[in-house]
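Some notes on the structure that comes next.
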Amino acid sequence: MVVFLIAVVVFAVIIYLAVLYFQRSYSEAISEEQDKVKKIADDSLEEKLAEISKLNLSGESLTEFETLDKGYHYLKNRELPELSEVLNDLSDSLQHYQFFRVSRELKGAQKKSAGVQQHFVELKQKLSSIQKSTKAHEDALKKLQQKYQSLRTVLLNKNFSFGPSIDKLEDKSAEIEDDFSKYTKYSESGDFVSSEEPLNKLRNDMSALEDAVQEIPPLFKNLNNVFPEQLSELKDGLKKMKDAHLGFNEDLDSKLDKITKECQENQQNLTELDLVAGKELDEQLADEIDHIYEQIEIEYTAATKLPKDLEEIGKFLDHARKQQNELNIELDRLGQNYTFNNQEEDRSANLDKELADIKQHYEQLTQARQKEEVVVSSFEVKKLDDDHQRLTDIEQEQKQINESISGLWKEEKDAFDAIEDFDTEIHRMKREVEKLNLPGLPDDYLSYFFKVTAEIENLDTEINKMKIDMAEITKNLINTQSDIDVLNNKTEEIKDSSMLAEQLLQYSNRYRNRYPEVEQAYQQALTQFEKEFNFVGALDTISQAVDTVEPGSFKRISEQFEADKKTVLAL
């Protein structure tokens, strides 16, 4: 029983708390929507509507305003009261704990409240837009009138600055005045919506007139003052330069005629107020005139430089031809005794042709100036610069050719000395071998000796010919020197091996009777020495036998041999 009572109490408490929660939650939601309704009601648009109604609107502007006025009063007198009544009814239902009804109808009220809010905001924004548009039109008209008056003042006071454009500019002014009339007609009637189109046209026409007033004077000044003066100056300058027999790479007279026609064409562009074409052609004319000035300056500068360049080339050419003559004489002289291997004669012949070509240009230009013929100075100065570089290259080539042949006589003398040294060296080796009184010499040594001897004799023959090829002789000298070195090594090997073999054969006599193997090696080494002339083999055979019975004896004897040899060389 107690448990049941407790459960009933708990349930009652829960129900009570739930009622409090729903009552408080719905009450806050309803109060929030009521506050929104009150805020709209307090934010009256009556004063703004009254102000706008005084503007004497008409046409589309009036229609739009009347729609907004009706919309606002419908919201104020119908929508807001109905919404307020619904919210009050919901508040009463909440006091009677009709939570389900409140829950069901509150969402609808909130949705309707949101619609009212949006409607009010739109009305307010559109009314503000009408006011701003009206103010903007008034300001725009005032600014455009001020700008137009300023432009009219310029046109009246400075009409001389517009040349052939003035008639079209006056037509533009009349068109703008017509734009003002159309716009004023709409704005004074209060139809600001319909006046937007003529206002935009007025702005565009005014902008076009303003651009024309700014851009035409400098274009007309160029056509009326600047370009004619420049053309006159250029024609006088061309005539003076032609009288001085100076020519040009281009037909500048034709270019001046073309410019004159283009000036007339641009006059027509200004007459028609074609400013795009006018500005483009004005820039083209300026560039074309600058080009002619540049060509005249180039030719004048070149004409001033030409005499000095011509004189310098003349001196350089004389010097180069003199050197070429000396080079040809030297080639002819040395060519009788030497074979050239670097195409020196062909290279010199090419230099003769180059010099003849430069000389021809020099003489043609000199004669043309003497005969007062027309000369394009810039072209001739450029060609003289090229000739100067060619002469510089020719001089370098002459130097290289001269260096390649000037050392031939010294190379010949060095070759003579080298051949004499080779001959002395081979005779020295021959004498040293003969002093050994050997029973004979190995075939490979004799073959190599005779080969080197033949090389030396062939070199001697080549060096004593009437016309010699020093490149071939130098190559053979290098090969022979290498062979001499090899032969010298072979000779030293025969000398050392034969002398050591003789010493060891004599030394082995003390062991021959006691050691049969030494006797046998002695006989074999003797045969190798006296019959086969294999001195290295003989030394190897007897040294091994002696070292067997007396270890270290060969090393001791060979070291003593080397020491004695150094002593003899030092003396």
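The values are calculated or read from the model by the stated rules, or taken from the named source; none is laboratory data. Keep in mind that this is a model prediction, so the values were computed, not measured. Note: ideal-geometry Cβ built from the backbone for every residue, glycine included; neighbour counts use all protein chains shown. What goes into the accessible areas is simple: the full protein's heavy atoms, side chains included, and nothing from ligands, DNA or RNA. Shrake-Rupley method; radii C 1.70, N 1.55, O 1.52, S 1.80 Å.
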Worksheet item: Looking at (1) within 29 Å of ALA208 (Cβ to Cβ); (2) assigned to a helix (DSSP H, G or I), which is the only condition LEU273 fails?
Response: (2)
Worksheet item: If only one of LEU365, LEU351 is in contact with a strand residue (DSSP E or B) (Cβ under 8 Å, 6 or more places away or on another chain) and not assigned by the TED database to the domain that holds HIS245, which one is it?
Response: LEU365
Worksheet item: Which one of these is of a type in the set (A, V, I, L, M, F, W, C), under 30 Å from SER404 (Cα atoms), in a helix (DSSP H, G or I) and touching a helix residue (DSSP H, G or I) at 6+ places or on another chain (Cβ under 9 Å): LEU285, LEU317?
Response: LEU317
Discussion item. Can you tell me which residue is modelled with the highest pLDDT among those in the range 459-482 that are in a loop (DSSP other than H, G, I, E, B) and not polar (S, T, N, Q)?
Written reply: MET466
Practice prompt. Report yes if some residue within the range 491-498 is surrounded by fewer than 16 Cβ atoms within 10 Å (Cβ to Cβ), touching a residue at least 40 places away in the same chain (Cβ under 8 Å) and of a type outside the set (Ser, Thr, Tyr); otherwise report no.
Written response: yes
Discussion item. Can you find a residue that is loosely packed, with under 11 Cβ neighbours inside 10 Å and in contact with a strand residue (DSSP E or B) (Cβ under 7 Å, 6 or more places away or on another chain) anywhere in the range 398-408?
Written reply: no
Item to complete: Those residues that are free of Cβ contacts under 8 Å to residues at least 40 places away in the same chain and among the hydrophobic types (A, V, I, L, M, F, W, C), I need them from the range 326-376; list them, please.
Response: ILE329, ALA349, LEU355, ALA356, ALA368
Worksheet item: When the range 233-249 is examined, which residues are found to be open to solvent by less than 60 Å² (accessible area, probe 1.4 Å) and in contact with a helix residue (DSSP H, G or I) (Cβ under 7 Å, 6 or more places away or on another chain)?
Response: LEU234, GLY237, LEU238, MET241, LEU246, PHE248
Worksheet item: Can you name the condition, by its number, that ILE463 falls short on among (1) in contact with a helix residue (DSSP H, G or I) (Cβ under 6 Å, 6 or more places away or on another chain); (2) assigned by the TED database to the domain that holds LYS566?
Response: (2)
Practice prompt. Check the range 352-367 and report whether any residue there is out of contact with any Pro (no Cβ under 7 Å at 6 or more places or on another chain), β-branched (Val, Ile, Thr) and farther than 30 Å from GLN324 by Cα.
Written response: no
Fill in: Long-range neighbours under 7 Å by Cβ, at least six apart or interchain, first residue touching a residue at least 60 places away in the same chain (Cβ under 8 Å) within the range 269-286, second β-branched (Val, Ile, Thr)
LEU270/ILE216; LEU285/ILE259
Discussion item. Could you go through the range 257-267 and let me know if any residue there is touching a residue at least 60 places away in the same chain (Cβ under 8 Å), more than 30 Å from SER378 (Cα to Cα) and part of a helix (DSSP H, G or I).
Written reply: yes
Worksheet item: Failed condition for GLN503, given (1) in a loop (DSSP other than H, G, I, E, B); (2) under 26 Å from PHE449 (Cβ atoms), with all others met?
Response: (1)
Worksheet item: at pLDDT below 90, out of contact with any Gly (no Cβ under 7 Å at 6 or more places or on another chain) and open to solvent by 30 Å² or more (accessible area, probe 1.4 Å) - does that describe any residue in the range 416-425?
Response: yes
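Every residue, every condition in (1) among the charged types (D, E, K, R); (2) within 18 Å of LEU441 (Cα to Cα), yes or no:
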position: GLN481; (1), (2): no, no
position: VAL486; (1), (2): no, yes
position: GLU502; (1), (2): yes, yes
position: GLN523; (1), (2): no, no
position: LYS555; (1), (2): yes, no
Worksheet, complete the sentence: Within the range 315-329, restricting to residues that are within 16 Å of ASP357 (Cα to Cα) and open to solvent by less than 60 Å² (accessible area, probe 1.4 Å), the one that is modelled with the lowest pLDDT is GLN324
Worksheet item: Any residue at all in the range 515-530 that is in a helix (DSSP H, G or I), crowded, with 17+ Cβ neighbours inside 10 Å and in contact (Cβ under 8 Å) with a residue 40 or more places away in the chain?
Response: yes
Worksheet item: Only one of (1) out of contact with any helix residue (DSSP H, G or I) (no Cβ under 8 Å at 6 or more places or on another chain); (2) more than 30 Å from ILE494 (Cα to Cα); (3) open to solvent by 30 Å² or more (accessible area, probe 1.4 Å) is not met by LYS435, so which one is it?
Response: (2)
Fill in: Scan of the range 287-314 for residues that are without any contact (Cβ under 8 Å) to a residue 12 or more places away in the chain and open to solvent by 90 Å² or more (accessible area, probe 1.4 Å), ordered by number
ASP287, GLU294, GLU297, THR304, LYS308, GLU311
